[in-house]
Each structure stands twice: as structure tokens, then as C-alpha cells.
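Single-structure report; data block below.
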Amino acid sequence: MTIEQLRFEAAQRIRATHRRVGDSAAPSHVTITEDSDQFDLVRVEYPDGAVREFQRARPVDQPS
């Protein structure tokens, strides 16, 4: 799998399983982009316009 595929699958999992603490709101949009050589930036957007951003370890290419 490519890094882009891994990022897409991770964003899909976050969108499907993540719930905001307090009101259990599900994200309306999740994006994962390259932030540095070692980290990706995860941006989680909620229906009320609130945004949460955090870093996660960058995936590596895996053989198909």
C-alpha cells in the first residue's frame, strides 16, 4: 500500500469510530496530510464547525 492509501484508510477509520468527548458528536470530515518527515497532521472537523488537529506518526510504504 502507498502512504496515500494508508492515510485514506486511517481517515475513514477515524470518521467511522471517533466520537467527541462530551457530546459524542461524530466527525463530518477527517483529513490526514503530511506535516513533516516523521509526522502527519490529522484534522477532524465536526458538524458544528469545531476543528481538532493533532499529529500522528507518519506511515511508511508497505509492499503490496
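The values are calculated or read from the model by the stated rules, or taken from the named source; none is laboratory data. Since the model is a prediction, treat every value here as computed from it, not as a measurement. Keep in mind that these areas ignore ligands, DNA and RNA; they rest on the heavy atoms of the full protein, side chains included. Shrake-Rupley method; radii C 1.70, N 1.55, O 1.52, S 1.80 Å.
List of remarks:
- Note that the chain presents 69 Å² accessible area per residue, ligands and nucleic acids not counted, probe 1.4 Å.
- Degrees separating the helix 3-17 axis from the principal Cα axis of the chain, which is the longest one: 20
- Hz values of 3J(HN,Hα) by residue in the range 38-48 - Karplus curve (6.51, -1.76, 1.60), Gly and Pro given as x: 10, 10, 10, 9, 9, 10, 10, 10, 10, x, 7
- For the chain, relative contact order (Cα pairs under 8 Å, six or more residues apart, normalised by length) works out to 30 percent.
- Cα-based shape type of the chain, given that a ≥ b ≥ c are square roots of the gyration tensor eigenvalues and the cut on a/c is 1.5: prolate
- Fully extending the segment from residue 21 to residue 55, taken as 0.36 nm per residue of separation minus the present Cα-Cα distance, adds 10.4 nm.
- Gaussian network model of the chain, Cα within-10 Å springs - most flexible of 15, 52, 43: 52
- Other-chain or far-sequence residues with amide H under 5 Å of residue 58's (modelled H): 39, 40
- The chain - mean residue ellipticity at 222 nm from DSSP helices (-39,500 (n - 2.57) per run, n ≥ 4, rounded to 500): -7500 deg cm²/dmol
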